[in-house]
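Here the structure comes first, spelled out in structure tokens, and everything after it is commentary.
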Amino acid sequence: MQHAPQIPVLEVDLGPGIRAFFTTRAGGVSRAPWASLNVGTAVGDDPAHVSRNRERVDQAAGARVTFVSQVHGRSVAVLPASDGPGVPSAPALDASTEADALVSRVVDAPVGVYVADCVPVLLADPSSGVVAAVHAGRPGVELGVLGEAVRAMVATGADIASIRAAVGPSVCGRCYEVPADLRERVAAAVPATWATTGWGTPGLDLPRGVLAQLADAGVTQVVHVDRCTRTDDAFFSHRRASADGLATGRFAGVVGARRSQT
Ligand SMILES: [Zn+2]
């Protein structure tokens, strides 16, 4: 196997024995407009390039990362307990699974989500080793996918008081313009999302909504990687690319429990 180069990642500390990070656009093999570390399979990029990029993400995670098909819903998929390395007969989750939150309690079986403006949220309870990766776009925030993910973690053995969360780069409230009726509806479900854009029109602040939902779910240890994908070209942004009439890629949020290095 060829040695893949190290990719730059934004590491977040979710506790001992947990590896968690967000990728950026840098370090991959995709060409423009997906340059370069695109991990999204449904955005028009060459599948061979996406595979090589995902291998680099696997290497950064220290094990193969499970991604599924995200559908802007609130379904949570839990990795089967036997779905670990060295157990090839176990039923794995893959692109045929549709879910917007993935839970794993298997050591060295990290889970990931891919985003370009939606909010990636990584959760971990280092005491039990239960982790979750959540894709929270506008529909996911409105539907409460985060609360569903936290409930699934607890059902899988996590201790709510020990869960730590990292909210990753996403479009911010000053950049995310929506029609007035949509702001009205989403803010009725999640008041913290109500926002006004930098140019004075109705907006939604998804990261603020996510932070409120985490607090509501009882998650108190939260870090926010407060970088706006729309204005920071270190990240893929669907809105920035669309404004330029271009396709774009997806970056990843990844979390997993690691085998003790001792
Ligand atoms: Zn912004």
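The values are calculated or read from the model by the stated rules, or taken from the named source; none is laboratory data. Keep in mind it's a predicted model, so treat the numbers as computed, not measured. Don't worry about glycine lacking a Cβ; one is built from the backbone with ideal geometry, like all the others, and counts go over all protein chains shown. Please note that ligands, DNA and RNA were not included when accessible areas were found on the heavy atoms of the full protein model with its side chains. Shrake-Rupley method; radii C 1.70, N 1.55, O 1.52, S 1.80 Å.
Which residue is farthest from the chain's Cα centre (by Cα), if the candidates are limited to region 158-171 and must be crowded, with 24+ Cβ neighbours inside 10 Å and not small (Gly, Ala, Ser)? Selected residue: Ile163. Filtered by the rule that a residue be surrounded by fewer than 23 Cβ atoms within 10 Å (Cβ to Cβ) and within 17 Å of the chain's Cα centre (by Cα), region 138-152 gives Arg138, Pro139, Glu142, Leu143, Gly144, Gly147, Glu148, Ala152.
Residues considered: Gly84, Gly44. Of these, the only one that is assigned to a loop (DSSP other than H, G, I, E, B), out of contact with any helix residue (DSSP H, G or I) (no Cβ under 9 Å at 6 or more places or on another chain), at pLDDT 95 or above and not hydroxyl-bearing (Ser, Thr, Tyr) is Gly44. Quick one: which residue in Arg105, Arg74, Arg54 is open to solvent by 30 Å² or more (accessible area, probe 1.4 Å) and in contact with a Ser or Thr (Cβ under 6 Å, 6 or more places away or on another chain)? Testing whether each residue is open to solvent by 30 Å² or more (accessible area, probe 1.4 Å) and in contact with a Ser or Thr (Cβ under 6 Å, 6 or more places away or on another chain) leaves just Arg105.
Counting the residues of region 198-213 that are surrounded by fewer than 24 Cβ atoms within 10 Å (Cβ to Cβ), hydrophobic (A, V, I, L, M, F, W, C) and assigned to a helix (DSSP H, G or I) gives 2.
Taking first residues from region 162-181 that are within 8 Å of the ligand (Cβ to nearest atom) and partners that are among the hydrophobic types (A, V, I, L, M, F, W, C), the Cβ contacts under 6 Å between residues at least 6 apart in sequence or on separate chains come to Cys172/Cys228; Gly173/Ala195; Cys175/Cys228; Tyr176/Leu204. Residues in region 106-120 that are in contact with an Asp or Glu (Cβ under 9 Å, 6 or more places away or on another chain) and farther than 24 Å from Asp232 by Cα: Val106, Ala109, Pro110.
Restricting Ala155, Ala132 to those that are surrounded by fewer than 20 Cβ atoms within 10 Å (Cβ to Cβ), more than 16 Å from the ligand (Cβ to nearest atom) and not aromatic (Phe, Trp, Tyr) reduces the list to Ala155. Taking the conditions (1) away from the ligand (no atom under 16 Å from the Cβ); (2) out of contact with any helix residue (DSSP H, G or I) (no Cβ under 8 Å at 6 or more places or on another chain); (3) in a loop (DSSP other than H, G, I, E, B) in turn, Glu148 satisfies each one other than (3). Please verify whether Gly253 is open to solvent by less than 30 Å² (accessible area, probe 1.4 Å), in contact (Cβ under 8 Å) with a residue 24 or more places away in the chain, in contact with a helix residue (DSSP H, G or I) (Cβ under 8 Å, 6 or more places away or on another chain) and not polar (S, T, N, Q), treating the condition exactly as stated. No; evaluated as a whole, the condition is false for this residue. Selection within region 235-252: residues that are hydrophobic (A, V, I, L, M, F, W, C) and assigned to a helix (DSSP H, G or I). The member of this set that is nearest to the ligand (Cβ to nearest atom) is Ala243.
For region 214-234, residues that are part of a loop (DSSP other than H, G, I, E, B), open to solvent by less than 70 Å² (accessible area, probe 1.4 Å) and within 11 Å of the ligand (Cβ to nearest atom) total 2.
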